[in-house]
Amino acid sequence: MDPKHKELLEQCQEKLSESVTDVDRVLELLAQSGSLSPAERAELDRNCSSSAEKVHLLLKTLVEKKERDHFQEFCWALEKTHPVLLSALLPANNNTGVSQSSKLLHDEFQRTET
C-alpha cells in the first residue's frame, strides 16, 4: 500500500472502527470489487464479533496483507455506505498527500476523544 494511504488509514483506524456502522455492506462491496477474497471475507465474519472489530481487522488486512494498494476500492465502498467518511480519506495532490478534509476529520476525531 502507498505509504501515505497506509499512514492515513492507521491514523484514522480507531475512529473508523467507531464510525463505520454498515461494515457488512463495506465488506460486500470490497468482495465484489475483488479487494477481499472469499476466504478473507469469511475470516472477518468468523473472527469478529462486533462491527468495530471487523473494521479493525479489515484495515489490517488491507494495509498489511495485500500486495496491491486497495485504498481506492476502500474509498469507493465508503462512498457508497458512509459518504461523510469518504470525504475525509480522499488524498489530495499536495506535499503531504493528505487532503484538507482528512486533516479536518483527524482534528475532529481528536476533539471528540477529549
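The values are calculated or read from the model by the stated rules, or taken from the named source; none is laboratory data. In this text the structure is predicted, and so the values were computed from the model without any measurement. We place every Cβ from the backbone using ideal geometry, glycine too, and count neighbours over all the protein chains shown.
For region 17-29, the set of residues classified as assigned to a helix (DSSP H, G or I) and more than 11 Å from the chain's Cα centre (by Cα) consists of Glu18, Asp24, Arg25, Glu28, Leu29, listed by residue number.
None of Asp24, Asp107, Asp69 is more than 17 Å from Pro3 (Cα to Cα), at pLDDT 60 or above and among the charged types (D, E, K, R) except Asp24. Does Leu57 satisfy being over 19 Å from His5 (Cα atoms), at pLDDT 90 or above, not in a loop (DSSP other than H, G, I, E, B) and not polar (S, T, N, Q)? Against the criterion (over 19 Å from His5 (Cα atoms), at pLDDT 90 or above, not in a loop (DSSP other than H, G, I, E, B) and not polar (S, T, N, Q)), Leu57 does not qualify. Among residues of region 43-65 being surrounded by fewer than 16 Cβ atoms within 10 Å (Cβ to Cβ) and not polar (S, T, N, Q), the one that is farthest from the chain's Cα centre (by Cα) is Arg46. Checked against (1) at pLDDT below 70; (2) buried (at least 18 other Cβ atoms within 10 Å of the Cβ); (3) outside any loop (DSSP other than H, G, I, E, B), Glu40 meets all criteria but (1).
For Leu85, the conditions (1) more than 12 Å from the chain's Cα centre (by Cα); (2) at pLDDT below 80 are fulfilled apart from (1).
A quick yes/no check of all residues on (1) farther than 18 Å from Val84 by Cα; (2) in contact (Cβ under 8 Å) with a residue 60 or more places away in the chain:
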{"position": "Pro3", "(1), (2)": "yes, no"}
{"position": "Gln13", "(1), (2)": "no, no"}
{"position": "Ser17", "(1), (2)": "no, no"}
{"position": "Asp22", "(1), (2)": "no, yes"}
{"position": "Val26", "(1), (2)": "no, no"}
{"position": "Gln32", "(1), (2)": "yes, no"}
{"position": "Ser35", "(1), (2)": "yes, no"}
{"position": "Ala39", "(1), (2)": "yes, no"}
{"position": "Asp45", "(1), (2)": "yes, no"}
